[in-house]
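Structure first, then comments.
The values are calculated or read from the model by the stated rules, or taken from the named source; none is laboratory data. Just so it is clear, the structure is predicted and the values come from calculations on it, not from any experiment. Counting neighbours? That spans all protein chains shown, and the Cβs are built from the backbone with ideal geometry, glycine included. Side chains are part of the model used for accessible areas, which takes the heavy atoms of the whole protein and leaves out ligands, DNA and RNA. Shrake-Rupley method; radii C 1.70, N 1.55, O 1.52, S 1.80 Å.
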Amino acid sequence: MLMKRNLEWADERVAQDPDYFRRLMEIQRPRYLWIGCSDSRVPANVIAGLEPGEVFVHRNVANLLHPGDLNGLSVIQYAVEDLQVQQIIVCGHYGCGGVSAALDGRRHGLLDHWLQPIRDTAEHSAEELEKIADGQQRLQRLCELNVMDQVKRVAETPMVKDAWSRGQPLEVHGLIYALSDGHLRNLGCSQPAEHSG
Ligand code: ZN
């Protein structure tokens, strides 16, 4: 199934643009690094309307960056220092299973360790969250707060700080995707702060 679809896709591309793959082979210079959720409904290229070659992608459960995450940190270093991306997008989504799992009170094995930053966020924002009476709405807000916290974490990495002190143009943005209408929304938590909104 996968192999057949791949062949059809590749044939279609060449039919539309005979030089398509030759051009892509020559250079990778994406403008964006996307840090998103692994959720199958939130594919970076598709929802952002970007072609292959336009976005460097890192995805994990609930779009998190742990301080000791060698994978995520290496991706950031490569994207910032080698690819020289201009924007890092942390993108969460409403209805995130990882965010709900962090707070559902059940045991999920190793995933419970992975999701700890979300419980930390929920704890720091307990006052705000407790004011939201509806449980679903509270989870949606937590999806947003999680993105905002991860933007801060990305902005605090040495690679990003070094880029800024070199004067390299680089912005970190927090977006959230709604499965219900396919729209991305800017959470206004960009770094440096003057690029917010
Ligand atoms: Zn998710």
M3 and E81 label points (each 7 Å along its Cα→Cβ direction) are spaced in nm at 4.0
Could you do me a favour and compute the accessible area per residue for the chain, 1.4 Å probe, result in Å²? 57
Taking the alpha-carbon centre of each part, the distance from the range 61-93 to the range 5-44 in Å is 20
V14-K152 FRET efficiency (beta carbon distance; Förster radius 41 Å; 0.05 resolution): 0.40
Using the Kirkwood radius built from alpha carbon pairs, what does the Stokes-Einstein equation give as D for the chain at 25 °C and 0.890 mPa s, in µm² per second? 136
To the nearest 20 Debye, how big is the dipole of the chain about its Cα centre, given +1 on the beta carbon of each Lys and Arg and -1 on that of each Asp and Glu? 220
The helix 2-16 Cα axis meets the longest alpha-carbon principal axis of the chain at an angle in degrees, between 0 and 90 and rounded to 10, of 60
If the cut-off is a Cα-Cα distance under 25 Å, which lysines reach K161, setting aside same-chain residues fewer than 8 apart in sequence? K152
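Sort 108-115, 147-154 by the packing proxy (mean of other Cβ within 10 Å over each peptide's residues), most packed first. List each step's numbers first, then the result.
On the way: 108-115: 13.0, 147-154: 21.5.
Descending mean neighbour count gives 147-154, 108-115.
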In whole percent, how big is the carbon plus sulfur part of the accessible area of the chain, probe 1.4 Å, protein atoms only? 53
Multiply the residue gap between F21 and R106 by 0.36 nm, knock off their C-alpha separation, and tell me the result in nm, one decimal place. 25.9 nm
What does the charge dipole of the range 94-155 about its Cα centre add up to, to the nearest 20 debye, if the Cβ of each Lys and Arg holds +1 and the Cβ of each Asp and Glu holds -1? 180
In the Gaussian network model of the chain, springs joining C-alpha atoms below 10 Å, which of R107, R141, R31 carries the largest mean-square fluctuation? R107
